[in-house]
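Trainee: I'd like to ask you about the structure that follows.
The values are calculated or read from the model by the stated rules, or taken from the named source; none is laboratory data. Because the structure is predicted, anything quoted here is derived from the model rather than measured. Glycine gets a Cβ as well: all are built from the backbone with ideal geometry, and neighbour counts include every protein chain shown. Please note that ligands, DNA and RNA were not included when accessible areas were found on the heavy atoms of the full protein model with its side chains. Shrake-Rupley method; radii C 1.70, N 1.55, O 1.52, S 1.80 Å.
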Amino acid sequence: MKNLLILGVLVLCMSSCKEHKQRYFAESDETKTLEAGIVAYESGDWDKWQSHFADTAKIFVNSKEAMTIEARRKELSSMTEAFSSYGFDKDDDFIEMVLDKDDETWVYYWGQHNGTLVNGTKLSIPVHLAVQFTNGKITAEHIYFDGTEMNAAINAMQAEASSETDETGTAEN
């Protein structure tokens, strides 16, 4: 009877030790791809940046409305022209890959984006990225940040430039 009880406990223990699939990763090919895309963004290498995306990728910037990769590329290129320097603080960023309940691959990134506008105004904005990967390519990117400070600074810089142009009379309105 004692042997039967021990055997029963062993069988119960063995059957309850089910191996669970790993779902969280601090490092993966996808996290490295996203990091490479961030480096390409920081250097203004838009071809390299775009190479990490699928042709049909949808990008959502603080919105539920998607834009194409080409539209986002133009937007980023135009925005970064207003900066003399910009990039993410690599010391305090956080990145992880998750396989969700539907086995979709998502990479999450939290970082501090710092930049100096061409007029010397310094900005520091927290950014969150939620990036979906399929077959090693980015198929969806959700970008969340509060652009209030940046938009106000860029608008002020443009208003100042307009005001200076109006005063000198060298350009039309």
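Trainee: With the requirement that a residue be hydrophobic (A, V, I, L, M, F, W, C), closer than 28 Å to Phe25 by Cα and out of contact with any His (no Cβ under 9 Å at 6 or more places or on another chain), what does the stretch 46-95 give you?
Mentor: Matches in the stretch 46-95: Trp46, Trp49, Phe53, Ala54, Ala57, Ala66, Ile69, Phe94, Ile95.
Trainee: Can you tell me which residue is least open to solvent (accessible area, probe 1.4 Å) among those in the stretch 68-89 that are in a loop (DSSP other than H, G, I, E, B) and touching a residue at least 12 places away in the same chain (Cβ under 8 Å)?
Mentor: Ala82
Trainee: Report whether or not Asp103 is surrounded by fewer than 17 Cβ atoms within 10 Å (Cβ to Cβ), touching a Gly at 6+ places or on another chain (Cβ under 6 Å) and farther than 23 Å from Gln158 by Cβ.
Mentor: No.
Trainee: Also, I was wondering about something else. Only residues that are surrounded by 13 or more Cβ atoms within 10 Å (Cβ to Cβ) and at pLDDT below 80: list them for the stretch 140-173, please.
Mentor: Ala161, Thr165 - these are the residues of the stretch 140-173 that are surrounded by 13 or more Cβ atoms within 10 Å (Cβ to Cβ) and at pLDDT below 80.
Trainee: Would you check if there is a residue in the stretch 42-61 being modelled with pLDDT under 95, over 23 Å from Leu117 (Cβ atoms) and part of a loop (DSSP other than H, G, I, E, B)?
Mentor: Within the stretch 42-61, none of the residues are modelled with pLDDT under 95, over 23 Å from Leu117 (Cβ atoms) and part of a loop (DSSP other than H, G, I, E, B).
Trainee: Can you pull out the residues in the stretch 40-67 that are within 29 Å of Thr121 (Cβ to Cβ), open to solvent by less than 70 Å² (accessible area, probe 1.4 Å) and in contact (Cβ under 8 Å) with a residue 40 or more places away in the chain?
Mentor: Glu42, Ile59, Phe60, Val61, listed by residue number.
Trainee: Tell me, please, whether a residue that is aliphatic (A, V, I, L, M) and part of a helix (DSSP H, G or I) can be found in the stretch 137-152.
Mentor: The answer is yes, given that some residue of the stretch 137-152 is aliphatic (A, V, I, L, M) and part of a helix (DSSP H, G or I).
Trainee: Would a scan of the stretch 107-120 turn up a residue that is open to solvent by 40 Å² or more (accessible area, probe 1.4 Å) and among the hydroxyl-bearing types (Ser, Thr, Tyr)?
Mentor: Checked the stretch 107-120: at least one residue is open to solvent by 40 Å² or more (accessible area, probe 1.4 Å) and among the hydroxyl-bearing types (Ser, Thr, Tyr).
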